[in-house]
Amino acid sequence: MAGRPALSPASPDFNQRIVVPRLVQDAVWALKPWPVVVSAAGHDFTIPALPAADWLGALMTPDLDLDDVLPGLLPADEQGLFEDLLFAGKFDLTQVQDLALEAVATVSARKWWVTLRLIGCALRVWDDIGSEMAHVDADRLSLAAWLDVFFRELIMNMEKDSRSMFLAKLEMPPVGAVAAEAEEIEMTVENFLSLGE
């Protein structure tokens, strides 16, 4: 990754805009942290309004475990009820993973695979871009807003010739994920994470 060159109005690239896909599905999630309600076995469970730092703490790991999201981000009393219902067979681990991915998609305002790919990318390029992200208050911003900033920094620091391929891979639904209206997930998170990028 090359550093971002300074552009002046005299530069031939000054007026060239970087065309990026529309990844954000609901901009309201970028305004502030909001609670996320997850429904399972006839119960509503609420992940509180957490800043990006808390979500990244659960998701920005080399070995992603969606248990860190659900039930991990629930308040202690709701975690207990959630686990009791799981052990009682009211829902299964596949349903829990689907619910966790829905929560990730909601709070990040992006498809879950786009979010996980961006966060995985942040892990890989942190040595190059981490200092530029230091001005971003991850303990105050929502995950959606943090991803907005990171995505812009990433694209601006990327070699021009690499952008198109990167953006195409970023948006591509994982094999087995139905990208139609229902977006029913037919593959496990482990299989998705094991896909080569």
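The values are calculated or read from the model by the stated rules, or taken from the named source; none is laboratory data. Remember, it's a predicted structure, so these values are computed and weren't measured experimentally. Here Cβ is always computed from backbone atoms with ideal geometry, including for glycine, and neighbour counts include all displayed protein chains.
With respect to Leu93, determine if the residue is modelled with pLDDT under 95, within 19 Å of Ala41 (Cβ to Cβ) and out of contact with any Cys (no Cβ under 6 Å at 6 or more places or on another chain). Full working, then the answer.
Details: modelled with pLDDT under 95: yes; within 19 Å of Ala41 (Cβ to Cβ): yes; out of contact with any Cys (no Cβ under 6 Å at 6 or more places or on another chain): yes.
Considered against the rule, which asks whether it is modelled with pLDDT under 95, within 19 Å of Ala41 (Cβ to Cβ) and out of contact with any Cys (no Cβ under 6 Å at 6 or more places or on another chain), Leu93 comes out as yes.
Name the residue that is nearest to Ala49 (Cα to Cα), counting only residues in the range 108-148 that are surrounded by fewer than 16 Cβ atoms within 10 Å (Cβ to Cβ) and either among the acidic types (Asp, Glu) or touching a Lys or Arg at 6+ places or on another chain (Cβ under 6 Å) (or both).
So, considering only residues that are surrounded by fewer than 16 Cβ atoms within 10 Å (Cβ to Cβ) and either among the acidic types (Asp, Glu) or touching a Lys or Arg at 6+ places or on another chain (Cβ under 6 Å) (or both), the one nearest to Ala49 (Cα to Cα) is Asp139.
Are there any helices (runs of 4 or more DSSP H) wholly within the range 40-118 with 1 or more residues that are among the polar types (S, T, N, Q), and if so which?
Counting at least 1 such residues, we get 76-87, 93-108.
Considering the range 70-106 alone, what residues qualify as being in contact with a Ser or Thr (Cβ under 9 Å, 6 or more places away or on another chain), among the polar types (S, T, N, Q) and surrounded by 17 or more Cβ atoms within 10 Å (Cβ to Cβ)?
Listed by number, the list holds a single entry, Gln97.
Restricting to the range 137-179, name every residue that is part of a loop (DSSP other than H, G, I, E, B) and among the acidic types (Asp, Glu).
Asp137, Asp139, Glu159
Kindly check whether there is at least one residue in the range 98-116 that is of a type in the set (Asp, Glu), farther than 17 Å from Leu56 by Cβ and at pLDDT 90 or above.
Taking every residue of the range 98-116 in turn, at least one turns out to be of a type in the set (Asp, Glu), farther than 17 Å from Leu56 by Cβ and at pLDDT 90 or above.
Looking at Thr94, Thr115, which one is out of contact with any His (no Cβ under 7 Å at 6 or more places or on another chain) and under 17 Å from Val28 (Cβ atoms)?
On the way: Thr94 fails: under 17 Å from Val28 (Cβ atoms).
None of the others qualify; the one that does is Thr115.
Per-residue answers, yes or no, for (1) out of contact with any strand residue (DSSP E or B) (no Cβ under 6 Å at 6 or more places or on another chain); (2) under 18 Å from Ala168 (Cβ atoms):
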position: Gln95; (1), (2): yes, no
position: Glu102; (1), (2): yes, no
position: Thr106; (1), (2): no, no
position: Thr115; (1), (2): yes, yes
position: Leu118; (1), (2): yes, yes
position: Cys121; (1), (2): yes, yes
position: Trp126; (1), (2): yes, no
position: Ile129; (1), (2): yes, no
position: Glu132; (1), (2): yes, no
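What's the number of the condition Thr61 fails, among (1) exposed (fewer than 15 other Cβ atoms within 10 Å of the Cβ); (2) within 15 Å of Gln97 (Cα to Cα)?
Tallying (1) exposed (fewer than 15 other Cβ atoms within 10 Å of the Cβ); (2) within 15 Å of Gln97 (Cα to Cα), Thr61 fails exactly one: (2).
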